[in-house]
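The values are calculated or read from the model by the stated rules, or taken from the named source; none is laboratory data. These numbers come from a predicted model, not from an experiment. Glycine also receives a Cβ, built like all others from the backbone with ideal geometry; neighbour counts cover every protein chain displayed.
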Ligand code: NAD
């Protein structure tokens, strides 16, 4: 085991490999045999227990995340807990409605009197694998969707946040029936063992390399997967912004990059600014970083989160070293405390190290363009389908009235898009959140989680007295039989 696995194991109790098939089987039997999850009341009771356990332990969650990677507690509260509890309340308030069979309009081949409807039935046993970066929000939102939909859940949190994962394991087992949820803790061996079991749906959130492993493994048993992956999400800054507007844009971009020290799947990965406003934008971003957000630009700043592990620090440090001459603010690294300063890199070229893969850290490369068409074709050929795209414009936000905005949003396919802001679409309780192409497939949140974890079963009711109307379908196909 690596040093980080050993450190994690000293805080988080890893699940014994032999216990994994036993635990999954127990849950599978529970789904099939006791059928508890078919009851709406049971689902609601479990969700309510979860609500109170989290509500009572918010500070402990923030504290655990601070221990794990110096996560600023206010960021944990605002970006993980508040939104998650809102989504839970929304789910509970709407569950009765969501479960109502949806009537299907009569079609010519059916008879008027036959009810046809879509029922949303649980898949059965769902495996949810979550990452470290928002370990509460990303797993909680999926878990409540799966429970609301009537599934039993096998849950694998990240081993990279051992304090949080141990606390969350305890809270889940305190709140939930052990016929409903089984948590598997550990790293690659435990996850691999978990993946050897049979599920009815798998949801993975994390990086693309592991996403590929999960999708291949799931394909062996034709298990459907939801993949929530990463990518390089661009922020376009158009040439039509006033001085005053650029100040706001700079603040929003800086927040979109440096929150959680850049370890956000929908973070602004890089900026593409029109060359007529680029200088002013860079000046404003530097000002925001140095004067507004982080006046003490050092490792002791309590408002800046640290990096998850040594390997990530060393990767970020390498990127910083190769871009030395272009750094306009930041650039400091303290390996001992895993601190990487908020760093802005100006005059970036498409071939620079910052533009190779998803940065996933507090480094903001800024590129300029003179021709939007050229910039778009560069982007299409390199980072085709990011998880998010952000477009800042001083003009109309209506695509019909803003041809440049229209062109970007048409030509760049992305999981989500926000005009004149960043990140906020993730917090929408009842809008689908997910990627496209390399940034993933499938989506969730609110109703869309419920949909993601249910099968849409078309059900048709027929009468037994009406065979005379249906006789034309039976052989022999004589003329007499074909007539009504
Ligand atoms: P991570 O290292 O915590 O890994 C995620 C999960 O995969 C963990 O539970 C881990 O145990 C498991 N895992 C790791 N290696 C494995 C292997 N070889 N086989 C099986 N399981 C394995 O998190 P991460 O991947 O570093 O997270 C960061 C990435 O996730 C970024 O690319 C980010 O963009 C992406 N992300 C996407 C979303 C989204 O909603 N689309 C959200 C958050 C993060």
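Where strands (runs of 3 or more DSSP E) fall entirely within the range 115-208, those with at least 2 residues that are within 14 Å of the ligand (Cβ to nearest atom) are at 125-129, 152-156, 201-205. The residue that is surrounded by the fewest Cβ atoms within 10 Å (Cβ to Cβ), among those in the range 258-317 that are within 23 Å of the chain's Cα centre (by Cα) and more than 25 Å from residue 335 (Cα to Cα), is 266. Restrict the check to the range 148-168 and report whether at least one residue is more than 27 Å from residue 21 (Cβ to Cβ), without any contact (Cβ under 8 Å) to a residue 60 or more places away in the chain, buried (at least 19 other Cβ atoms within 10 Å of the Cβ) and touching a helix residue (DSSP H, G or I) at 6+ places or on another chain (Cβ under 8 Å). No - not one qualifying residue is present in the range 148-168.
The number of residues in the range 369-400 that are in contact (Cβ under 8 Å) with a residue 24 or more places away in the chain, more than 16 Å from the ligand (Cβ to nearest atom) and surrounded by 13 or more Cβ atoms within 10 Å (Cβ to Cβ) comes to 12. Looking at the structure I just gave you, is residue 223 modelled with pLDDT of 95 or more and in a loop (DSSP other than H, G, I, E, B)? So residue 223 fits the description; yes.
With respect to residue 61, is the statement that it is crowded, with 20+ Cβ neighbours inside 10 Å, out of contact with any helix residue (DSSP H, G or I) (no Cβ under 6 Å at 6 or more places or on another chain) and assigned to a helix (DSSP H, G or I) true? Against the criterion (crowded, with 20+ Cβ neighbours inside 10 Å, out of contact with any helix residue (DSSP H, G or I) (no Cβ under 6 Å at 6 or more places or on another chain) and assigned to a helix (DSSP H, G or I)), residue 61 qualifies.
Within the option set 95, 88, being at pLDDT 95 or above, part of a helix (DSSP H, G or I) and under 21 Å from residue 200 (Cβ atoms) holds for one residue only, 95. Counting only strands (runs of 3 or more DSSP E) wholly contained in the range 383-484, the ones carrying 3 or more residues that are more than 23 Å from the chain's Cα centre (by Cα) occupy 454-460. So in the range 237-257, with the set limited to residues that are more than 22 Å from the chain's Cα centre (by Cα) and within 14 Å of residue 389 (Cβ to Cβ), which one is surrounded by the most Cβ atoms within 10 Å (Cβ to Cβ)? Selected residue: 237.
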